[in-house]
Each structure stands twice: as C-alpha cells, then as structure tokens.
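**Q** This is the structure I have questions about; it appears just below.
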C-alpha cells in the first residue's frame, strides 16, 4: 500500500461525488478480510470544469487525462489488502512489494484511517460498504499552478474511488 498511499498523496486535486444512503457507513466486521482492488475511477476538474471543457484542444485534454491514467491506473491493478480484526493490515502492491500498518474506522463508519497517529497517516472516505464490496475515496485539490498560462493559478481537483471486492 506504500504505492497506493504515495500515489494518492501525490494527487494534486480532487472532486468526489457522494450520495446519502446506508451503504456509506461501515462496521469493522464489514471491512475486515482480504480485498482485491477491482477498479479505480477518478474525476479530474480544473476550475470546476471537465478537462475537455477547460482545454479547447481535445488532444491536449486527452493527453493530460491519459498521463494521469497511466500514472495511477497501473499501480492499482492486481493490488490487494487484508484488514485484520486486530486493527492491522497487510497489503501487496502490483509490483509484489508488501506493506503493513494499522487501520481504524471513525465512530460513524464513514472514514477509514490507515496508520493513524504516524507521519504516514492517511484517510479515505467510505463511499459504499457491503459484505463483499468496498469503495473508498480520496480527494485533494491544488491551486499552485497556472495550467493554461493565463497569469493566474488554476484549481486542479482529482478524486479517486477505489473499488475492492472479497
């Protein structure tokens, strides 16, 4: 999960869509077990616009999106994580490297925190949680770059939804 954590921390921006329903909360028993990453979805916006709206050149928008997909997508294929009942986890990344640490849920089951209280602490929103499916999300934004070179910084948002199944 080092790659997962590292890649998500590097994400420059994020936008996450959530709906309100009972699947948004998790219980520790729902999260416990071995999960395989089965999907990664992300949404990229710049100043609240889709890439195709922000960039007038479709090739430029496609190139930007393809580079993000290449950077993040391959890192998740075949990854797995096991959340153990003692509050520890072990993971295997696509390159075969292993990682261990701790995990916990907040009291209302909407936030999964890994390695809490350490410099590597990282939290994911619980999007949906069922007995055999877990979708977690992370979002972040960054406004430190002038992406269209118009003299003012643009807000880049990227959100990741990681789908896992038992």
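The values are calculated or read from the model by the stated rules, or taken from the named source; none is laboratory data. In this text, all values refer to a predicted model and were calculated from it rather than measured experimentally. Using ideal geometry, Cβ is built from the backbone for each residue, glycine included, and neighbour counts are taken over all protein chains shown.
**Q** Taking the condition assigned to a helix (DSSP H, G or I) and either over 19 Å from the mean Cα position of the chain (by Cα) or at pLDDT below 85 (or both), does residue 66 pass? Working first, answer last.
**A** On the way: assigned to a helix (DSSP H, G or I): yes; either over 19 Å from the mean Cα position of the chain (by Cα) or at pLDDT below 85 (or both): yes.
It is true that residue 66 is assigned to a helix (DSSP H, G or I) and either over 19 Å from the mean Cα position of the chain (by Cα) or at pLDDT below 85 (or both).
**Q** If you don't mind, another one. Scan the range 121-141 for residues that are surrounded by fewer than 18 Cβ atoms within 10 Å (Cβ to Cβ), touching a strand residue (DSSP E or B) at 6+ places or on another chain (Cβ under 7 Å) and touching a residue at least 60 places away in the same chain (Cβ under 8 Å) and jot them down. Spell out how you get there, then give the answer.
**A** From the range 121-141, those surrounded by fewer than 18 Cβ atoms within 10 Å (Cβ to Cβ) are 121, 123, 125, 130-133, 141; that's our starting set.
With the extra rule that they be touching a strand residue (DSSP E or B) at 6+ places or on another chain (Cβ under 7 Å), the set shrinks to 121, 123, 125, 132-133, 141.
125, 141, listed by residue number.
**Q** Which numbered condition in (1) under 19 Å from residue 165 (Cα atoms); (2) modelled with pLDDT under 90; (3) in contact with a helix residue (DSSP H, G or I) (Cβ under 8 Å, 6 or more places away or on another chain); (4) part of a strand (DSSP E or B) is the only one that residue 94 fails?
**A** The failed condition is (4).
**Q** Which condition number does residue 61 fail, the rest of (1) outside any helix (DSSP H, G or I); (2) in contact with a helix residue (DSSP H, G or I) (Cβ under 8 Å, 6 or more places away or on another chain); (3) surrounded by 14 or more Cβ atoms within 10 Å (Cβ to Cβ) being met?
**A** The one condition residue 61 does not meet is (1).
**Q** List pairs: first residue in the range 83-98 and within 17 Å of residue 134 (Cβ to Cβ), second residue modelled with pLDDT under 90 and part of a loop (DSSP other than H, G, I, E, B) anywhere in the structure, Cβ distance under 6 angstrom, at least six positions apart or on different chains.
**A** 91/1
**Q** For residues in the range 30-52 being outside any strand (DSSP E or B) and in contact with a strand residue (DSSP E or B) (Cβ under 9 Å, 6 or more places away or on another chain), which is nearest to residue 130 (Cα to Cα)?
**A** In the first step, residues of the range 30-52 are kept if they are outside any strand (DSSP E or B); the result is 30-32, 47-48, 51-52.
Now narrow it down to the ones that are in contact with a strand residue (DSSP E or B) (Cβ under 9 Å, 6 or more places away or on another chain): 30-32, 47-48, 51.
Details: 30: 7, 31: 8, 32: 11, 47: 34, 48: 31, 51: 32 Å.
Once the filter is applied, the top-ranked residue is 30.
Each row is one residue, and each column tells you yes or no for (1) touching a helix residue (DSSP H, G or I) at 6+ places or on another chain (Cβ under 7 Å); (2) under 19 Å from residue 146 (Cα atoms).
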site	(1), (2)
39	no, no
50	no, yes
70	no, no
73	no, no
80	no, no
89	no, no
110	yes, no
